[in-house]
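These notes concern the structure reproduced below.
The values are calculated or read from the model by the stated rules, or taken from the named source; none is laboratory data. Since we're looking at a predicted model, the values are computed, not measured. Positions of Cβ are generated from backbone atoms using ideal geometry, with glycine treated the same way; all protein chains shown enter the neighbour counts.
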Amino acid sequence: DQQVKQNSPSLSVQEGRISILNCDYTNSMFDYFLWYKKYPAEGPTFLISISSIKDKNEDGRFTVFLNKSAKHLSLHIVPSQPGDSAVYFCAASDQAGTALIFGKGTTLSVSS
Amino acid sequence: DVKVTQSSRYLVKRTGEKVFLECVQDMDHENMFWYRQDPGLGLRLIYFSYDVKMKEKGDIPEGYSVSREKKERFSLILESASTNQTSMYLCAIQYRGNQPQHFGDGTRLSIL
């Protein structure tokens, strides 16, 4: 059974607008969450992370929100740029913080 | 910059062959991981290691083994390659728990 779910396989956004990518998890022991971006034929690149003691973390255009009661996290990209077009994976780990469980990914397309 | 080097970008092998995928890091990180990525399935953990000569099974270890004789090198071994092991293989490193993992560029392995 999937412990980390990204229910939207794809998302299309216009340049300059906000992109919101969503992720749900089922395991209440998860307490460290990450977002990765992946271009074709490259490895995933770490974007941003959040621990369960916080509900928001920002890094430039990227903000991750965590709602523990709903077991939901989201990645906001503002403003979106064509270079943001990629597959985005969310991932989670438990308190040991070692092995990551990944979602299946959401393909973001940003059009100019 | 974090550097994770996977020995081959593309590899073609035949069924029944023994296949070695190599991963080398120059960051002196403790933890190393092997994942495979398949369309629609996201990234799935095969094996990981948190010290020399230590290994732990991930979610899909069947048909694979690993070796970590030196801290900087983590090898994935397909004992007898089969066509269902055709995939993108990704190596990752992690300084310690609750830190991001950093990935290599992957090896696209085809088993004919």
Tell me yes or no: at least one residue of region A:69-90 is more than 19 Å from A:Lys38 (Cα to Cα), within 12 Å of chain B (Cβ to nearest Cβ) and in contact with a Gly (Cβ under 7 Å, 6 or more places away or on another chain). no
Go through region A:1-27 and report how many residues are at pLDDT below 95, closer than 20 Å to B:Pro100 by Cα and out of contact with any Phe, Trp or Tyr (no Cβ under 7 Å at 6 or more places or on another chain). 1
Residue that is modelled with pLDDT under 95 and among the hydroxyl-bearing types (Ser, Thr, Tyr), where the choices are A:Ser51, A:Ser80: A:Ser51
Can you tell me which residue within region A:28-50, out of those that are more than 15 Å from the chain's Cα centre (by Cα) and surrounded by fewer than 20 Cβ atoms within 10 Å (Cβ to Cβ), is nearest to the other protein chains (Cβ to nearest Cβ)? A:Glu42
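Being part of a loop (DSSP other than H, G, I, E, B), more than 9 Å from chain A (Cβ to nearest Cβ) and modelled with pLDDT of 95 or more is the filter here, so list the residues in region B:83-110 that pass it.
Residues of region B:83-110 part of a loop (DSSP other than H, G, I, E, B): B:86, B:95-100, B:104-106.
The next check asks that each one be more than 9 Å from chain A (Cβ to nearest Cβ); those that pass are B:86, B:95.
Result: B:Thr86, single match.
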Which ranges mark the strands (runs of 3 or more DSSP E) fully within region B:1-76 that have 2 or more residues being more than 9 Å from chain A (Cβ to nearest Cβ), surrounded by 13 or more Cβ atoms within 10 Å (Cβ to Cβ) and among the hydrophobic types (A, V, I, L, M, F, W, C)? B:19-25, B:31-38
When region A:93-112 is checked residue by residue, the ones that are more than 7 Å from every other protein chain (Cβ to nearest Cβ), at pLDDT below 95 and either touching a Pro at 6+ places or on another chain (Cβ under 9 Å) or surrounded by 19 or more Cβ atoms within 10 Å (Cβ to Cβ) (or both) are A:Ser93, A:Ile101, A:Ser112
Of everything in region B:1-45 that's farther than 17 Å from B:Ser75 by Cα and of a type in the set (Asp, Glu), which residue is modelled with the highest pLDDT? B:Asp38
Tally of residues being within 30 Å of B:Gln6 (Cβ to Cβ) and touching a Phe, Trp or Tyr at 6+ places or on another chain (Cβ under 9 Å) across region A:28-56: 16
What's the number of the only condition in (1) facing chain B (nearest Cβ under 10 Å); (2) of a type in the set (A, V, I, L, M); (3) more than 30 Å from B:Ser87 (Cα to Cα) that A:Leu66 fails to meet? (1)
